[in-house]
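Notes for the one structure printed next.
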Amino acid sequence: MPTVEELPAAASRVEMTQMVLPPDTNMHGTLFGGRLLQWIDICGAIAAQRHCRTKVVTASMDDMHFSVPIQEGDVVILWATVNYVHRSSMEVGVRVEREAPLTGERVHAATSYLTYVALDESGKPHPIPKVRAETPGERRRYNDAITRREFRLARRAAMDARQALEGEG
């Protein structure tokens, strides 16, 4: 594959649609959180692979907040786009909406940010093209992704430091 310096964020965009069926629901008739996480991970991985055109693995998922319940029979629409690329890792944002099938009314149900790592043929992290944010929304998501990355790195450093201290005691 020829080396590409940058790719537009829009080139990674994915839209995925699912219908909530009885096996997807809990005893309250709402979508299992784990099923939604699965759909988010699939949608995000497709966006990541579209960007780098190589295998990817999920490295992390940021905090997940479910804004509204999703009921059996609802349609779930997921959108994913690469927001930011470091060296071999990338942040993908996934927006989830709940659609009432009889009215078409859509409500924002959840947002998640995942980090994927691109792998070469031997399974090692592999450098990938940067992402080019072209629209105001893409630029906002790009800048927000830098902030989230800084928080992730600081949280990891704090956890490593605490574990090192606990190991000494």
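Below are the figures for this structure:
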| item | result |
| --- | --- |
| Spatial separation of Cα centroids for the stretch 48-82 and the stretch 125-169, in angstrom | 18 |
| For the stretch 56-67, Karplus couplings with θ = phi - 60° (6.51, -1.76, 1.60), whole Hz, Gly/Pro x | 9, 10, 7, 9, 6, 10, 5, 3, 10, 10, 8, 6 |
| Residues whose placed amide H lies under 5 Å from that of residue 109, excluding near-sequence neighbours | 96, 97, 98 |
| Length added when fully stretched, residue 160-residue 58, from 0.36 nm per residue minus Cα-Cα | 34.7 nm |
| Rounded to whole Hz, the Karplus (6.51, -1.76, 1.60) HN-Hα couplings of the stretch 81-98, x for glycine and proline | 8, 6, 8, 7, 10, 9, 9, 10, 10, 8, 9, 10, x, 10, 9, 10, 10, 9 |
| Gain on full stretching of the segment that runs from residue 66 to residue 151 - 0.36 nm per residue minus C-alpha separation | 28.5 nm |
| The chain - mean residue ellipticity at 222 nm from DSSP helices (-39,500 (n - 2.57) per run, n ≥ 4, rounded to 500) | -11000 deg cm²/dmol |
| Nearest 10 degrees, 0 to 90: helix 136-168 Cα axis against the chain principal axis | 70 |
| Length gained when the stretch residue 19-residue 139 is fully extended (0.36 nm per residue, less Cα-Cα span) | 40.0 nm |
| Antiparallel bridges, percent of DSSP beta bridges restricted to the chain (to nearest 5) | 95 |
| Computed over the chain, the ratio Rg/Rh where both radii use C-alpha atoms and Rh is Kirkwood | 1.03 |
| Cα long-axis angle, helix 33-52 against the chain (0 to 90 degrees, to the nearest 10) | 50 |
| The chain, relative contact order in percent, only Cα pairs under 8 angstrom and at least six apart counted | 25 |
| Placed amide H near residue 74: partners under 5 Å, 5+ positions off or other chain | 20 |
| Solvent-free Debye scattering, log10 I(q)/I(0), computed from the Cα coordinates of the stretch 31-85 at q = 0.23 Å⁻¹ | -1.00 |
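Only the coordinates and a few stated rules stand behind these numbers; no lab work does. Note that the coordinates shown come from a computational prediction; the quantities given were computed from them, not determined experimentally.
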